1. For residue 16 and residue 3, compute 0.36 nm times the residue count separating them, minus their Cα-Cα distance, and round to one decimal in nm.
2. Among 60-72, 36-48, what's the highest-first ranking by average C-beta atoms within 10 angstrom per residue?
3. For the stretch 2-160, go through all pairs of different Cα atoms, get the mean of 1/r, take its inverse, and jot down that Kirkwood value in Å.
4. I'd like the per residue volume of the convex hull spanned by the Cα atoms of the stretch 51-130, given in cubic angstrom.
5. Within 10 Å of each residue's Cβ, count the other Cβ atoms and sort 128, 103 from fewest upward.
6. Highest mean first, how do 15-25, 86-96 rank when packing is the count of other Cβ atoms within 10 Å averaged over residues?
7. In percent, how large is the relative contact order of the chain, given Cα pairs closer than 8 Å and 6 or more residues apart?
């Protein structure tokens, strides 16, 4: 598996994966294209690529000293194989590289698997957004994590390579 920047050539495959993971709440091709149009200025989107297919993707908004994980998804047949961890680690490093002091995210309150991943990486619950996900009306758990000096150092070291 290799992590690389998402490009517009990946959109069809990413949207297919998006639909399989998020169903009716999936982002559309136009929504994702709009996000990519803002890369690298305020967005950072990655795909996890096995060569023959994309098995995961993640996106971050990072500006003004704050970052937000806006999406992270992994193909269900790759759950538990470290794909989500690799994507999240890469987003944390990018947030540090951009000088963001903290990073936020929303996750469905009924998505225990994702919550476990985020807690393992030091995210803590700071609130609930009622009816956040549409069309289901599911609530979102809002989580936050401080970006550490060590991550900033690692990001700077990666830039020098």
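1. Value of the extension gain: 2.8 nm.
2. With the highest mean Cβ count within 10 Å placed first, the list reads 60-72, 36-48.
3. 15.9
4. That works out to 107 Å³ per residue.
5. 128, 103
6. Final packing ranking: 86-96, 15-25.
7. After rounding, I find 18 percent.
Read the figures in this text as sums done on the coordinates, not as results from a lab. Since we're looking at a predicted model, the values are computed, not measured. Cβ sites come from the backbone with ideal geometry, for glycine too, and all protein chains shown count toward neighbours.
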